[in-house]
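Inspection log for the structure reproduced underneath, given as structure tokens.
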Amino acid sequence: MENREARKYYSQKNVINELHHKTGYPVDDIARILNSLGDMVKDKCGGNDSYVEIKLFPGLKITSRLIPPQESKSNLNVSECGFILSLNAAFSDYYKQEIRDLHRDTPQLALRR
């Protein structure tokens with residue numbers, strides 16, 4: 001039997017409000033910072049550098065690489081392209097373990113095991 005639960009989606013507005021409640025900073029300031037962060041990530045990843053790594057916080061990094069078409073995993077015909085932009089986001093193993101530890105300590109999740 002499959003356990004289907006409602007998915008929880010956090011919009012940017014939810015994130016802004018939660019950060020406001022945790023820090024006490026004004027909602028408008030947090031929104032400006034998050035929007036500026038998004039713009040900065042686009043600028044850095046969309047530039048002409050062949051490799052960019054952005055560490056957004058300890059445990060999460062975003063990488064942007066220009067790769068040759070033969071390294072691409074795309075099903076599209078990309079052989080005529082000079083380079084393909086590859087974008088990735090990854091959690092560190094340590095951060096993933098911290099998240100798993102939080103789940104392990106959550107009573108409702110313990111019932112499912």
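The values are calculated or read from the model by the stated rules, or taken from the named source; none is laboratory data. All of these numbers come straight from a predicted model, not from anything done at the bench. Cβ placement follows ideal geometry from the backbone for every residue including glycine, while neighbour counts extend to all protein chains displayed. Quick note on the areas: whole protein, heavy atoms, side chains included, nothing else; ligands and nucleic acids left out. Shrake-Rupley method; radii C 1.70, N 1.55, O 1.52, S 1.80 Å.
Checked against (1) part of a helix (DSSP H, G or I); (2) closer than 12 Å to L87 by Cα, H20 passes all but a single condition, namely (2).
Determine if the range 67-78 includes at least one residue that is polar (S, T, N, Q), open to solvent by less than 100 Å² (accessible area, probe 1.4 Å), free of Cβ contacts under 8 Å to residues at least 24 places away in the same chain and under 20 Å from K13 (Cβ atoms). First the steps, then the outcome.
First, pick out the residues of the range 67-78 that are polar (S, T, N, Q): 70, 72, 74-75, 77.
Filter again for open to solvent by less than 100 Å² (accessible area, probe 1.4 Å), leaving 72, 74.
From what is left, the residues that are free of Cβ contacts under 8 Å to residues at least 24 places away in the same chain are 72, 74.
Next cut, under 20 Å from K13 (Cβ atoms) only: none.
No - not one qualifying residue is present in the range 67-78.
Contact map, the range 52-66: residues that are closer than 22 Å to E98 by Cα paired with residues that are open to solvent by less than 80 Å² (accessible area, probe 1.4 Å) and part of a loop (DSSP other than H, G, I, E, B), Cβ distance under 8 Å, separation 6+ or inter-chain. Pairs shown: P58/S92; G59/S92; L60/S92; K61/S92.
Against the numbered list (1) surrounded by 13 or more Cβ atoms within 10 Å (Cβ to Cβ); (2) within 16 Å of N88 (Cβ to Cβ); (3) of a type outside the set (D, E), S50 comes up short only at (1). Quick check, is A6 outside any helix (DSSP H, G or I), over 21 Å from Y95 (Cβ atoms) and of a type in the set (A, V, I, L, M, F, W, C)? Yes, satisfied. The residues listed here are E18, E98; of these, the one that is touching a residue at least 12 places away in the same chain (Cβ under 8 Å) and under 20 Å from the mean Cα position of the chain (by Cα) is E98.
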